[in-house]
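Structure, as structure tokens:
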Amino acid sequence: MKLNRRTLLAFGFVIAAACSALALSDRAIAATAADLDRDAAQALQTLYKTSPVAADISKHAKAVLVFPNIVKAGLIFGGSYGEGVLMKGSSVIDYYNSVGGSWGLQAGAQSFGYAVFLMTDEAVAYLDKSHGWEIGIGPTVVVVDEGVAKNLSSSTLKDAAYAFIFSQQGLMISLSIEGTKISRIKR
């Protein structure tokens, strides 16, 4: 394969975007289980302060998957990675990673956190028995933005899972097709 100037520039931009994403994040990957436990608890508190709807939903959730720091970068092809915990109440039950891939019109780097509130025993069981959850396959996940949040209350919760994205930093312009897989990891 002949490397031309355009290919080298594109490759350089991808590397720069990935480095920028890592610089944006405090820690792309938590060093220990204790670090991850602490980061997840702090991330949930941040989410609850900024989104009263999330705090209300948490009271009805069977479990919560919390990914305090996801790092995402891309130029045409992109990727994201982060580690998180599954919590029942205030107890950490297990550890997971979130790996994503995308392609399409995209450029930049960002970091963010997300929490998925599992509302049914079936959703929690699916996560446990599936040995990995591809978002879009399995229980329905509703991504809660400001418009959805206005219409949610404890009496209107009907879906298996609700996801909140928070603490976004960086810049990512994207019109892309994405896939995310959540898998159990050992800590």
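The values are calculated or read from the model by the stated rules, or taken from the named source; none is laboratory data. Bear in mind that the values here come from a model prediction, so they are computed numbers and not experimental data. Positions of Cβ are generated from backbone atoms using ideal geometry, with glycine treated the same way; all protein chains shown enter the neighbour counts. For the accessible areas, the whole protein counts, side chains as well, though only heavy atoms, and no ligand, DNA or RNA atoms are used. Shrake-Rupley method; radii C 1.70, N 1.55, O 1.52, S 1.80 Å.
Observations on the structure shown:
- Residue among Trp103, Ala55, Leu65 farthest towards the positive dipole end of region 40-110, charges placed on Cβ: Ala55
- Local net charge near Ser102, Cβ-Cβ under 10 Å (Lys/Arg +1, Asp/Glu -1): 0
- Rounded accessible area per residue of region 54-125, 1.4 Å, Å²: 36
- FRET efficiency estimate (nearest 0.05) - Cβ-Cβ, Lys181 to Ser91, R0 30 angstrom: 0.75
- Estimated FRET transfer efficiency when R0 is 30 angstrom, pair Val99-Lys49 (beta carbons, to 0.05): 0.60
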